[in-house]
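Student: Dumping the structure here so I can ask a few things about it.
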């Protein structure tokens, strides 16, 4: 079996897990949650095997690089990071009620990777500029950051829907909601995801700068991708300062997380297709 | 702080002002990513119209990130970081140095996290037992005896409250490194043809002004390797640094692997095929009767088409044609004579060795395009400061996010015949983790059988 097959299964498994997580919520059958978690774990395994196989295949073709070098490969890794982070959240917060919601992002990333015609899915050899040990360090750290921000952004949307649909912005705990994460918990997860993402994005920007310096002798060239990653970094830096110095939380924090998420999407996706620059090979 | 009396300094201490500056940097940066940077006036005129192009040029939008007003924004941000930090660090320091033994029992009871234990054992044993348990877990204790109770205090990682300021300082360190780099360093470039030696490089910032090299740099060879599908796989140059014609450094550089010597770093950045210039490698071997080959001469020289070249041992060579395709990349038609028979003509493919045997001699020839390698030359004495800033930033973020100032008070109070032991404390972060820590200490105390403690 080849990597494409495993990654195909991954897409399907994430979809199935998403549907079952949602089914668990709608039909209030807790046991379905166990199945959904199992499917997610199988999905992550298939995703992992897919990435490893693609790596092996690239060696068989005599190219040999870690599969993190183009849009397709980054989306696959992005989905993997979201799913793994979700499993950690599920374990730490002991709740499956966010499963359908967060995993749908992993599914969307995989689905987009497999159906899009904007980029090639082939294993292509690496350009000289990309042949560096920094490639893996840079891409992995950036995408852990992106995945954390995506989860924060997704949960921020959930937070805002919950807040505005019930009409009361200040949350009041009610007995019926004890099982689903309450707004306070959501706020806590959003905040923790922002911290986690901020740390990894920082490492990602730094590894990128060190790499650029070893390849070109310039650690910062204000290329659109660099600039947008810095913009994203500033947005989250503002979010953290608002929380520490002004005590922002709840709805306002959710809006900031959403703005940050849009900035992440543009940094990741928009820059590659709308602007030109040093990262043009990313497409 | 005194400087707060000045209104401008006061402005710089306000978080709102910092947010305004960061927002301005963000917004202008976005503009900078939308407007292509560093293009000619004609480019902008064609894209945005003549008048707009001139306005953009005046406002510096064509080279926005090096425009004075953009750099001023960055400088204001630095200023803000310095003044905000100077404004707040004293408060944090005084909190770190605070006399926590002045707390009374009422304050202990106000903490959210508290556990009450009771004991019937004698005072001395209880007090030393409690301290021993704390010290086992690396809580260094301070004690104070009050009229009716003993107060034990211990704290961990008080300095972690400075984590956020470490990050702020790291940003300043990075800016300092960048400033040193741009003041005392330069970026330059040079094209070195294969086989030639460069003695000067050309500034990229200062209209190609030549900068003399403190040593000589020779390019022995340049080569491009391709993948099967025609994509470039590797650009490489064999560089040699020479001082007084003595080789001091030799390195084959590739795109991600530059050569550094005497504070200068040479990066592989481009290349150029040299018009009508070819590299010829010729070797002569003698073939003995036992068919053992022995290399006699290896020669490498640069040839132009249709120019006869004299080699060693009375050999003559001429490239008659450089290829049927008109691109000059072979097959090359070569004329060769060694004065030991009729001159011969043969074809050689680009980069492929051709062997000709004449009598008891065997000649091998390889012909390829001659290139000039394009090197980016950088002197950046600030880069290590920038890297120190990076390391400090990561350390600061780790401290700010994952380390917490935990404070623990234990009061041992005599109430009638019994002792009440109040465990209480707080943490500025990870409060759930601290509750567990406190519970763990209580469990350890309860497990000390000699203390005979019970929960209240």
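Student: Would you calculate, for the protein assembly as shown, the mean residue ellipticity at 222 nm contributed by helices, counting each DSSP H stretch of 4 or more residues as -39,500 (n - 2.57) and dividing by all residues, to the nearest 500?
Tutor: On the way: 19 runs with 358 residues, N = 739.
Taken over the protein assembly as shown, the calculation gives -16500 deg cm²/dmol.
Student: Between segment B:376-431 and segment B:69-86, what's the alpha-carbon centroid distance in Å?
Tutor: Measuring centre to centre over Cα atoms gives 26 Å.
Student: Please report the spacing between the Cα centers of segment B:112-159 and segment B:233-287 in Å, no decimals.
Tutor: 70 Å
Student: May I ask for the angle, rounded to the nearest 10°, between helix B:163-184 and the longest principal axis of chain B, with both axes built from Cα atoms and the value confined to 0 to 90°?
Tutor: Result, in degrees: 30.
Student: Please pull out the direction-averaged projected area of segment B:275-371, using the convex hull of its alpha-carbon atoms, in nm² to one decimal place.
Tutor: Mean projected area for segment B:275-371: 6.0 nm², to one decimal.
Student: Evaluate the relative contact order of chain B (contact order divided by residue number), counting alpha-carbon pairs under 8 angstrom at least 6 apart; express in whole percent.
Tutor: 21 percent
Student: Can you give the extra length, in nm with one decimal, that the chain gains between residue B:452 and residue B:352 once fully stretched, where that is 0.36 nm per residue apart less the Cα-Cα distance?
Tutor: 27.0 nm
Student: If you don't mind, there's one more thing I want to ask. For segment B:350-456, compute the orientation-averaged projected area of the C-alpha convex hull (one quarter of its surface), in nm².
Tutor: Working: hull surface 79.7 nm².
One quarter of the hull surface, i.e. the mean projection, equals 19.9 nm².
Student: Now a separate question. Considering the Cα positions of the protein assembly as shown, please state its Rg to one decimal place and its Dmax as a whole number of Å.
Tutor: Cα radius of gyration and Dmax of the protein assembly as shown are 34.3, 125 Å respectively.
Student: How large is the Kirkwood hydrodynamic radius of chain B, counting all unique pairs of alpha carbons, in Å?
Tutor: 30.3 Å
Student: Principal axis extents for segment A:108-151, Cα atoms only, whole Å, descending order, please.
Tutor: Projected onto the principal axes, the Cα atoms of segment A:108-151 cover 31, 26, 11 Å.
Student: How large is log10 of I(q)/I(0) for segment B:2-94 at q = 0.14, 0.17 Å⁻¹ when the intensity is taken from the Debye formula with one equal scatterer per alpha-carbon?
Tutor: Ignoring solvent entirely, the Cα scatterers give -0.62, -0.76.
Student: Can you tell me the convex hull volume per residue for segment A:1-126, based on C-alpha atoms, in Å³ to the nearest whole number?
Tutor: Numbers: hull volume 11.2 nm³, N = 126.
It is 89 Å³ per residue.
Student: For segment B:275-371, what is the relative contact order in percent, using Cα pairs closer than 8 Å and at least 6 residues apart in sequence?
Tutor: Computed value for segment B:275-371: 29 percent relative contact order.
Student: Now, a different point. Counting alpha carbon pairs within less than 8 Å and at least 6 residues apart, what relative contact order, in whole percent, applies to chain A?
Tutor: 18 percent
Student: Largest first, please: the extent of the C-alpha atoms of segment B:103-159 along each principal axis, to the nearest Å.
Tutor: The Cα atoms of segment B:103-159 stretch 37, 27, 20 Å along the principal axes, largest first.
Student: Rounded if a/c is under 1.5, else prolate if a/b beats b/c, else oblate: with a ≥ b ≥ c from the C-alpha gyration tensor eigenvalues square-rooted, which is chain A?
Tutor: The shape class here is oblate.
Student: Given the C-alpha centroids of segment A:203-222 and segment B:432-451, what is the distance between them in whole angstrom?
Tutor: Centre-to-centre distance over Cα atoms comes out at 48 Å.
Student: Right, another one. Please work out how much length the chain gains when fully extended from residue B:262 to residue B:16, using 0.36 nm per residue of separation minus the C-alpha to C-alpha distance, in nm with one decimal.
Tutor: Working it through step by step, the gained length comes to 83.9 nm.
Student: On to the next question. Could you work out the percent of alpha carbon pairs in segment A:130-283 separated by over 24 Å, rounded to a whole number?
Tutor: 39 percent
Student: Rounded to the nearest 10 degrees, what's the angle between the helix B:431-447 long axis and the longest principal axis of chain B, both from Cα atoms, 0 to 90?
Tutor: 60 degrees
Student: Another question, if that's okay. Angle between the Cα long axis of helix B:123-136 and the longest principal axis of chain B, 0 to 90 degrees, nearest 10?
Tutor: 10 degrees
Readers should treat all values here as calculations from the given coordinates under stated rules, not as data from a laboratory. None of these values were measured; they are calculated from a predicted model.
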